[in-house]
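Single-structure report; data block below.
The values are calculated or read from the model by the stated rules, or taken from the named source; none is laboratory data. Since this is a predicted model, take the numbers as computed values, not measurements. FYI the Cβ positions are ideal-geometry reconstructions off the backbone, even for glycines, and counts take in every protein chain you see. Ligands, DNA and RNA are excluded from the accessible area calculation, which covers all protein heavy atoms including side chains. Shrake-Rupley method; radii C 1.70, N 1.55, O 1.52, S 1.80 Å.
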Amino acid sequence: SARLELHDRLAGLKVLLLNVSRAVTRDVLITFSPTEGPRTLNMTEKRKAGKIQLPREIFRSLSSRTARVVVTVLNIQQLGMFKEVNQTGQVLNDTVVGITVGETSISGLRDPVQLTFTHRQLPRVSQPCPPSTSPPAGGWSSSGCVTQPRDEGTVCSCDHLTFFTLLLNPALDRSTAQALMAVATTGCGVAMAFSIFTIAFCIFLRCRIRFEETLRINLGLHVNLVGSLLLLNLAFLLNSGLSNGTQPWTCKVLGGLTHYCLLCCFTWTALEGCHFYLLFVKVLGTYIHHYLLKLCLVGWGFPVLVVGVAGVIGSYGEYCIQTVDHQVIARLCWITSKRLLVHYITNCGYFGLIFLFNMAVFGVVTQKSCCLQGTGVVRGDRKAWKVALVAVGLFCLLGATWAPVFLTHGTSSAPMLYLFTILNSLQGIFIFIWLIVLYYPKTKETTGSLSHIIRHDKTATVSQD
């Protein structure tokens, strides 16, 4: 049994020895694969394999006439090596490549060593990371290396020689991914129900109670934001239910529709922040003709332009959610992996800007509300839980529940994804309760503290002018 174990371990170790002259005129090219190990490059070979390119600068800098080149391909699963306790990344194909030239340490190369790691299309949750530059006893580091995705694979350019690999961010396991899908589906149903309740409540207030123009615009904004949330949750449920086995053009339409609803939700969140900024910071006293109509043109029209451009360049199609061993868990109609840049710009980048702006507005509004509370303008007999609830609702209204997944995008942290899913399920509930506390009529007041602050700001502005 000891011999068999030794044989299995040696099967995971493959070595190539070369003697290279100092006067070499070309870069040294070597191919490698996890199964066959390293070997010299055959120029007529068409099969895809990993490639190592050693620049001739390495050999010209040596003092000896010839140098011994040792290329080692390790299967760390068979050898039981490179297993760090706190390692979060997955080693691509369990393959580590070690390169040594001569008996000295090689570093600071002007012409970098290039390693091409071939692989299938990587899932979005497993983005490539820079290779390792540490010995087996140390951790993984990207110092001195640059990673670039190309058609033939992922190319790592490094200015030194050591052990190399391609780390992937941890992907979801099957049980976690299925649990997240179940939580997301349930959460979408809950969010849709409370979105409908919120829209019905706003329509009830609009029909039964006479509000001043500012508050009517506020209600109109809230209805549009909640409407975009309703459409987004509906699009997700349709996507998860109809994406399997659909025709390619149907999947493209469904992917574009889902992306459109997401962008509408982001845009209306931004418009909420802009509106609060005008009310609390700028306190504009001028009348904007068809103000709500113009906001609707931006909120529902701008995403049409973005989705149209993304559709023209072929961004939509089938997207697979995969486990760490590349098993497909679910298929969705969304932005394809070939157009990840579209996702990063239109979703991550767009939301990042909106989030920063809205959190700044939230801070200013909170600070100003506290100042007005201290001056006695706002009635001080309000209960603390109502004040806290209004703050939480405003926080959700400005898109804070979207932050966990976008601010940690690419980490595939299961707790963070659970947090994001649950918070977005509760977003509709928070907004519904927030509107009831803020706008439900009382015997002596028709609106909450927010309306008192708005009216005070408008009065103060007119008196100053």
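One residue stands out in region 23-34 among those that are surrounded by 15 or more Cβ atoms within 10 Å (Cβ to Cβ) and not in a strand (DSSP E or B): the one that is modelled with the highest pLDDT, namely 27.
Here is the figure for region 107-128: residues that are among the hydrophobic types (A, V, I, L, M, F, W, C), in a loop (DSSP other than H, G, I, E, B) and at pLDDT 85 or above total 1.
Among residues of region 186-203 that are assigned by the TED database to the domain that holds residue 227, those with a beta-carbon under 6 Å from a residue that is of a type in the set (S, T, N, Q) and in a helix (DSSP H, G or I) at least six positions away or on a different chain give the pairs 187/421; 187/425; 188/233; 190/425; 191/233; 191/425; 192/233. Out of the residues in region 1-21 meeting the condition of being of a type outside the set (A, V, I, L, M) and modelled with pLDDT of 85 or more, tell me which one is nearest to the chain's Cα centre (by Cα). This residue is 14. Filtering region 327-361 to residues that are within 15 Å of the chain's Cα centre (by Cα) and not in a helix (DSSP H, G or I) leaves 334, 335, 336. When you scan region 230-248, do you find a residue that is on the phi < 0 side of the Ramachandran plot, in contact with a Ser or Thr (Cβ under 6 Å, 6 or more places away or on another chain) and either open to solvent by 10 Å² or more (accessible area, probe 1.4 Å) or not assigned by the TED database to the domain that holds residue 305 (or both), even just one? Yes, region 230-248 has at least one match.
When region 197-213 is filtered for residues that are in a helix (DSSP H, G or I), out of contact with any His (no Cβ under 7 Å at 6 or more places or on another chain) and surrounded by 14 or more Cβ atoms within 10 Å (Cβ to Cβ), the ones remaining, listed by number, are 197, 198, 199, 201, 205, 206.
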